[in-house]
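Novice: To start, I am sharing the structure in question, which I have written as structure tokens.
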Amino acid sequence: MLLSVHHSSTYAYAQPARRVLQLLRVWPQSFNGQTVLDWRVDVDLDARLREGRDGYGNVTHMLYVDSEIASLAISVTGRVLTEDRAGIVQGLPHDLPREVFLRETPLTLAGPAVDDLARWFAAERGSTIARLHGLAARLFETLRFDTKATAVETTAEEALAAGHGVCQDFAHIFIAAARAAEVPARYVSGHLYRRDGAHFQEAGHAWAEAWVEDLGWVAYDALNGISTDDAYVRVACGLDYRDAAPIAGARSGGGGEELSVEVRVGESAIQGRGQRQE
């Protein structure tokens, strides 16, 4: 599938802000099943962008603004060719040993609710991959999607105990339960093409990857109860949301701020043999 992505983040400051510093993790990489054809980052004012790579292998851009500004708009656009590989993630240009992703973090720290889920997961019969599919299905069936129930600082334990959350919470709960059962798991941020026609979205998407012997990393979207397919664009990964958030930063001044985010993911035409053409 040829997917086109447009992701814009606009900040409006109550007072002029100065010395704005932003860390961007918005640039996907090519690997087996995902080929980045073109990608760009635009800023609506005079700023410096410095490309780098973090410890998880994610492409990063540091954005520096040294002058006073009343607003800031960051726009990300590109096209990615994807294949359905049943969630199997192979061929990443940079990666870490799987044992790194057994580490707990404040957002994925197990409590009574997660421990109960982990015990259920560990007791399930079948292969690791079958049990992971079962875990994703269980979260899909028992948790309620609610955009107003949680915030970025909500932990896996809090979201699971409450019984609802957003894609970030579903990913954190999946990761926390897998790690508690000694299965390496990590957080992934990216984009999702909605086959139901909802191409305009208020945020990006998030899911998890877990380690399966003889296969490697396999991606699970617990919010939808499935493994990822060609509708997903993988951008960044880490131990939890904080390591893979699209934008994080700091500034001097500015007072309060308002942030508006718009994500548009659509299917583009591919001209050629056996491909659909608009």
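Novice: Considering only His61, His199, His191, give the residue with the highest GNM mean-square fluctuation for the chain, with springs between Cα atoms whenever their separation is below 10 Å.
Specialist: Between His61, His199, His191, it is His199 that shows the largest mean-square fluctuation.
Novice: What size of dipole, in debye to the nearest 20, comes out for the chain about its Cα centre when the only charges are +1 on Lys and Arg C-beta atoms and -1 on Asp and Glu C-beta atoms?
Specialist: Working: 27 positive and 38 negative charges, 69 e Å.
Computed charge dipole of the chain: roughly 340 debye.
Novice: If each residue of separation counts as 0.36 nm, what is the full-extension length gain between Ala123 and Gln201 once their alpha-carbon separation is subtracted? Walk me through the numbers on the way to the answer.
Specialist: Numbers: separation 78, 0.36 × 78 = 28.08 nm, distance 3.76 nm.
Taking Ala123 through Gln201 to full extension adds about 24.3 nm, to one decimal.
Novice: Can you tell me the FRET efficiency between Asn32 and Ala137 if r is taken as the Cβ-Cβ distance and R0 is 22 Å, rounded to the nearest 0.05?
Specialist: For Asn32 and Ala137, the calculated efficiency is 0.30.
Novice: Mind listing the phi-derived Karplus ³J(HN,Hα) values for the stretch 70-76, rounded to whole Hz, using 6.51, -1.76 and 1.60 with θ = phi - 60°, and x for any glycine or proline?
Specialist: Karplus-based 3J(HN,Hα) across the stretch 70-76 equals 9, 7, 8, 10, 10, 10, 10 Hz.
Novice: Strictly greater than 14 Å: what percent of every Cα pair in the stretch 221-270 meets that? Kindly include the intermediate steps, with their values, before the conclusion.
Specialist: On the way: 908 of 1225 pairs.
Roughly 74 percent, once rounded to a whole number.
Novice: Over 22 Å apart: what share of the alpha carbon pairs of the stretch 88-243 falls there, rounded to a whole percent? Don't jump to the answer; show the numbers that get you there.
Specialist: Values: 3982 of 12090 pairs.
Considering the stretch 88-243, 33 percent of its Cα-Cα pairs are separated by more than 22 Å.
Novice: Let me ask another. Does the stretch 123-163 come out rounded, prolate or oblate by the C-alpha gyration tensor, with a ≥ b ≥ c the root eigenvalues, rounded set by a/c under 1.5 and, if not, prolate when a/b is larger than b/c and oblate if not?
Specialist: Values: a/c = 3.04, a/b = 2.40, b/c = 1.27.
The shape class here is prolate.
Novice: Taking only Cα atoms and a 10 Å spring cutoff, compute GNM fluctuations for the chain and point out the largest among Val26, Val265, Val76.
Specialist: Val76
Novice: Now for a different question. Counting only DSSP beta bridges with both residues in the chain, what percent are antiparallel, rounded to the nearest 5? List each step's numbers first, then the result.
Specialist: Working: 74 of 76 bridges.
Around 95 percent of the beta bridges assigned by DSSP in the chain are antiparallel ones.
Novice: Be a star and scan the stretch 199-224 for residues whose amide nitrogen sits under 19 Å from the point 7 Å along the Cα-to-Cβ vector of Phe145.
Specialist: Backbone N within reach: 199-209, 219-224.
Novice: Pick out which of Arg25, Arg131, Arg179 has the largest mean-square fluctuation in a Gaussian network model of the chain, springs linking Cα atoms closer than 10 Å.
Specialist: Arg131
Novice: Scale the Cα Rg of the chain by the rule-of-thumb value 2.2 N^0.38 Å and send over the ratio, two decimals. Show your work: numbers first, answer last.
Specialist: Details: Rg = 19.0 Å, N = 278, 2.2 N^0.38 = 18.7 Å.
For the chain, the normalised Cα radius of gyration comes out at 1.02.
Novice: Would you please classify the overall shape of the stretch 1-140 from the alpha carbon gyration tensor, given that a ≥ b ≥ c denote the square roots of the eigenvalues, rounded means a/c under 1.5, and beyond that prolate means a/b larger than b/c while oblate covers the rest? Please list the in-between numbers first.
Specialist: Details: a/c = 2.48, a/b = 1.68, b/c = 1.47.
Judged from the Cα gyration tensor, the stretch 1-140 comes out prolate (a/c at least 1.5, a/b above b/c).
Novice: I've got another one for you. Along the charge dipole of the stretch 88-243, pointing to its positive end and built from +1/-1 on Cβ of Lys, Arg, Asp and Glu, which listed residue (Val114, Ala181, Asn224) has its Cα farthest out?
Specialist: Value: Asn224.
Novice: A follow-up question, please. Counting only helical runs of four or more DSSP H residues, what would the 222 nm mean residue ellipticity of the chain come to if each run contributes -39,500 (n - 2.57) and the total is spread over all its residues? Each step should come with its number before you reach the end.
Specialist: Details: 5 runs with 52 residues, N = 278.
Dividing the helical sum by the residues of the chain leaves -5500 deg cm²/dmol.
Novice: Testing the spin-label approximation: label points 7 Å from Cα along Cα→Cβ at Met62 and Asp84. State their distance in nm.
Specialist: Calculated label separation equals 4.3 nm.
Here, each number is a calculation from the coordinates, and none is a lab measurement. All values derive from a computational prediction rather than experimental measurement. Heads up, the Cβs are rebuilt from the backbone with ideal geometry, glycines too, and the neighbour counts pull from every protein chain shown.
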